[in-house]
1. Counting alpha carbon pairs within less than 8 Å and at least 6 residues apart, what relative contact order, in whole percent, applies to the chain?
2. Go ahead and estimate [θ] at 222 nm for the chain from helices alone: -39,500 (n - 2.57) per DSSP H run with n ≥ 4, summed, over the residue count, rounded to 500.
3. FRET efficiency for residue 84 and residue 4, Cβ-Cβ distance as r, R0 = 35 Å, nearest 0.05?
4. Given labels modelled 7 Å from the Cα in the Cβ direction, how far is it in nm from residue 32 to residue 112?
5. Which one of 53, 19, 75 has its Cα pushed farthest toward the positive end of the charge dipole of the chain, where Lys and Arg give +1 and Asp and Glu give -1 at the Cβ?
6. Would you mind working out the magnitude of the charge dipole of the chain relative to its Cα centre, with +1 at each Lys and Arg C-beta and -1 at each Asp and Glu C-beta, to the nearest 20 Debye?
7. Could you let me know the centre-to-centre spacing of segment 29-43 and segment 51-99, using Cα atoms, in angstrom?
8. Among 91, 33, 12, which one shows the biggest mean-square fluctuation in a GNM of the chain, springs joining Cα atoms closer than 10 Å?
Amino acid sequence: NTLKDASGNNSIATSFVAGGSVKAWAFTTDDAITDSLNTSSSTDNGTGHYTITFTSAMGNANFAVTATVNENNNFILGNRERAAGSYGIRIKNASDTGQDANTGSAVHGDLA
């Protein structure tokens, strides 16, 4: 129930690793997933608004999403559309209009 480094030192409980590790992440170009872990698809819901679907669902909708946008003058509004099987991303520009952009997002929580 513990992991150790190659020399047999520095042990850590596997429950700590499982509980603290990212359960899913996605890098998207506009609304298309270009690389990911535990994500199966991205749905385009309109300019700057898309939904990321998990391959393996979370235990419930009580998980945290951290996201960044890789474009100047854009910001992420958040992920109000969380469900055990997916989460939404909305991106707007400084003029408060939807904007497609490259994003990275990571999910922390409990898998089902």
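1. Details: 255 pairs, mean separation 32.8, N = 112.
Normalised by residue count, the contact order of the chain is 29 percent.
2. -1500 deg cm²/dmol
3. On the way: r = 34 Å, r/R0 = 0.97.
Result of the calculation: an efficiency of 0.55.
4. Placing both labels 7 Å beyond Cα along the Cβ direction yields 2.9 nm.
5. Projecting each Cα onto the dipole axis, the largest value belongs to 19.
6. Numbers: 6 positive and 10 negative charges, 79 e Å.
The dipole magnitude comes to about 380 debye.
7. 12 Å
8. 12
Laboratory data are not the source of any read-out in this text; all were calculated from the coordinates shown. The structure displayed is predicted, hence computed values, not measured ones. Backbone-built Cβ (ideal geometry, glycine too); neighbour counts: all protein chains shown.
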